[in-house]
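Below: one structure, written as C-alpha cells.
The values are calculated or read from the model by the stated rules, or taken from the named source; none is laboratory data. These numbers come from a predicted model, not from an experiment. All Cβ positions, glycine included, derive from the backbone under ideal geometry; neighbour counts span all protein chains shown. In case anyone asks, the SASA skips ligands and DNA or RNA and just uses the protein heavy atoms, side chains included. Shrake-Rupley method; radii C 1.70, N 1.55, O 1.52, S 1.80 Å.
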Amino acid sequence: MAMTLTIGFSSHRPETLPLEERIMAEHDHIVIEEPPTPEFRRMLAGTLPVDDYILTADYEFPAFAAAACRMLQRLKNDGKRITPCEPFMTRLIRIHELFGDGRRPSELTQDEQLWPVYRAEREATRRLLTFYNAAAAGNFDHMVEAACAFAVADSARFALRDRLRARSITRFLAGRAGKVYVEAGYLHLRLLRELRRQLSPTSSIRPLYLLGDIYRAAGHHSHLYNPGDLLTLMLIFDRPPTVTRQHLLAARSLVYNQLSVKEEMAPDDDCYPDARDDLSVIQYVNRLSFDDCRNLYGRIAGMASDAARQEAGGFPATGFA
C-alpha cells in the first residue's frame, strides 16, 4: 500500500474536535503536535489519568487538551498508531532541563540542535517583555511598535518550528505505507511548504483547513484570521506589509485582545460558540482605523472582555458573551 499524507490545520477549540476525530479515524497513522514525553505515552496507554497528565504540562487551554487526550485514547483503542512529534518543544524542554542542572546559555552555542531553538525562543521572549513594559507604561504608539517587533520574532520562531517538524515528519514517513494524518496548528501553514520541499516530488500531500469548515458552519464563508495572526502569517511567508499596514494590524490586535473572551467555551446548543464569538470581534475590529484603535483602547484597557464590549458598543445582539 502506498503512503498518502493529509495535513489538518486546526485550533485549540473544543468545537473542532468532532470534525478532526472523524478525519483522523480515516487514517492509519496520526502524527500529533506534541513532544514525545514519558507522561504522554502513559496517558495514551491509559496508565496515567488524563486529568493527572494535564497537570504535567502548561496547557493554555486545559479543557481542550483533556478532550483531545480522550479523543486520542479512543483512536488508539480503535487501532490507530499515534506518534507525537514536536522537535522544537522537545529541544526546548531539554534546554530547560540543562539550565535546571546549572548549565549556562553560552554552553549551548556549539550545539547545532539546541542553540537555534534557544536563540529563537530568547528573542521572542525578549520582545514580548518589551511589549509588556510598553503596555505597563500605557503608551499606545510604543505598544504598537513593540507588537510589530514581537510579530517579527514570533514569525521566525514559527518558521523554525515548521522546518524542524518537517524534517522529523520526513524521517518518520521514510518507507512507511498507509494513510498518515499530520496535526498542525492553523498558523503552521509553512509546514506544508517545508514538507513539499523535503519529500519526494511524487509525494501527494492533501492540506485540510478545518477552521474553514467550522467558520462556514458558524455562518462565514471561510476562516477569518484576527489582525495579529494575519500580521504573523504575512511575516512567516516573508511578505511583510507596509509599515503603515503593520501598525494598523497591530493596533487592531490590541483592541481584539481586549474584546476577546479568554475562557474556553464548551459547545452546547450552539455547536460553534468560539467561532461565532471570534467572528463578531474580528469583524468589529476590522472596521477600525488606527485612530479609532488608539481612542478605543484608551477606554477599555484592563477591562474584562464583557465590560470592554459594553464600552466599545457596535456588536451584534448575539455572538458574544
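It is to be established whether one or more residues within the range 19-37 are out of contact with any Pro (no Cβ under 9 Å at 6 or more places or on another chain), surrounded by fewer than 18 Cβ atoms within 10 Å (Cβ to Cβ), hydrophobic (A, V, I, L, M, F, W, C) and outside any helix (DSSP H, G or I). Yes - at least one qualifying residue is present in the range 19-37. Within the range 58-67, is there a residue that is aliphatic (A, V, I, L, M) and touching a Pro at 6+ places or on another chain (Cβ under 9 Å)? Scanning the range 58-67, I find at least one residue that is aliphatic (A, V, I, L, M) and touching a Pro at 6+ places or on another chain (Cβ under 9 Å), so the answer is yes. Within the range 67-78, is there a residue that is out of contact with any strand residue (DSSP E or B) (no Cβ under 6 Å at 6 or more places or on another chain), surrounded by 15 or more Cβ atoms within 10 Å (Cβ to Cβ), closer than 24 Å to Ala166 by Cα and among the charged types (D, E, K, R)? No, the range 67-78 has no match at all. Of the residues making up the range 27-48, those that are within 26 Å of Thr4 (Cβ to Cβ) and among the β-branched types (Val, Ile, Thr) number 3. Looking only at the range 254-300, which residues are hydrophobic (A, V, I, L, M, F, W, C), open to solvent by less than 50 Å² (accessible area, probe 1.4 Å) and outside any helix (DSSP H, G or I)? Once the filter is applied, which keeps residues that are hydrophobic (A, V, I, L, M, F, W, C), open to solvent by less than 50 Å² (accessible area, probe 1.4 Å) and outside any helix (DSSP H, G or I), the range 254-300 yields Val261, Met265, Leu288.
Considering only residues of the range 160-186 that are under 15 Å from Gln113 (Cα atoms) and among the hydrophobic types (A, V, I, L, M, F, W, C), which is nearest to the chain's Cα centre (by Cα)? So, considering only residues that are under 15 Å from Gln113 (Cα atoms) and among the hydrophobic types (A, V, I, L, M, F, W, C), the one nearest to the chain's Cα centre (by Cα) is Leu160.
Checked against (1) touching a helix residue (DSSP H, G or I) at 6+ places or on another chain (Cβ under 7 Å); (2) open to solvent by less than 20 Å² (accessible area, probe 1.4 Å); (3) over 23 Å from Ala120 (Cβ atoms); (4) at pLDDT 90 or above, Ala184 meets all criteria but (3).
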